[in-house]
1. Determine if the range 47-55 includes at least one residue that is of a type in the set (A, V, I, L, M, F, W, C), farther than 19 Å from Glu24 by Cβ and free of Cβ contacts under 8 Å to residues at least 60 places away in the same chain.
2. Of the residues that sit in the range 54-78 and are touching a Gly at 6+ places or on another chain (Cβ under 8 Å) and modelled with pLDDT of 90 or more, which one is nearest to Leu102 (Cα to Cα)?
3. Could you list, in sequence order, the residues of the range 1-32 that are aliphatic (A, V, I, L, M) and either modelled with pLDDT of 65 or more or assigned to a loop (DSSP other than H, G, I, E, B) (or both)?
4. Scan the range 55-71 residue by residue and report those that are more than 14 Å from Tyr92 (Cα to Cα) and either crowded, with 19+ Cβ neighbours inside 10 Å or among the aromatic types (Phe, Trp, Tyr) (or both).
5. Within the range 33-48, work out how many residues are touching a Leu at 6+ places or on another chain (Cβ under 7 Å) and at pLDDT below 90.
Amino acid sequence: MTPNGKVDRKALRSSGTRLGAGTEYVPPATPTETRIAGIWREILKLDKNEVEIGIHDNFFDIGGTSMDVVLVNAKIAEEFGKKIPIVTMYKYTTIRALSGYLDRGEAEDQDMISEEKRADRIQKGRADKNKMRDKRKRGRR
């Protein structure tokens, strides 16, 4: 531990301890997983020879911060040509989950957009209904 109570990542690396020690190490297998692991490694400044990043390791457990999420998000947009909401990065915190999202994300985004449109239509319908009710009340006076 560091003097301020945080995990001393440098000490862990030199001891050979895996950062994502709570999970079994499974190496990236798909091109998307490999690219994400590379992005994480770059942003978190992890040496490939010192630290293994598995597909089940949680981004925050291996040293990622909220500022790192923003950097990873920008790098993903650059490398994959896909802009994804920052909130999504907090939902998919492992390489496996984020890779799955990126590989199928467009369809999922379309579903989300459809749900948002549906919710907007419902809200608009309620607002229109309330306006009509208010008009009728004013007409009775």
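The values are calculated or read from the model by the stated rules, or taken from the named source; none is laboratory data. A quick note: this is a predicted structure, and the numbers were derived from the prediction, not measured. Neighbour counts are summed over all protein chains in view; Cβ atoms, including those assigned to glycine, are modelled from backbone coordinates with ideal geometry.
1. no
2. Val72
3. Met1, Val7, Leu19, Ala21, Val26, Ala29
4. Ile62, Gly63
5. Number satisfying all stated conditions: 0.
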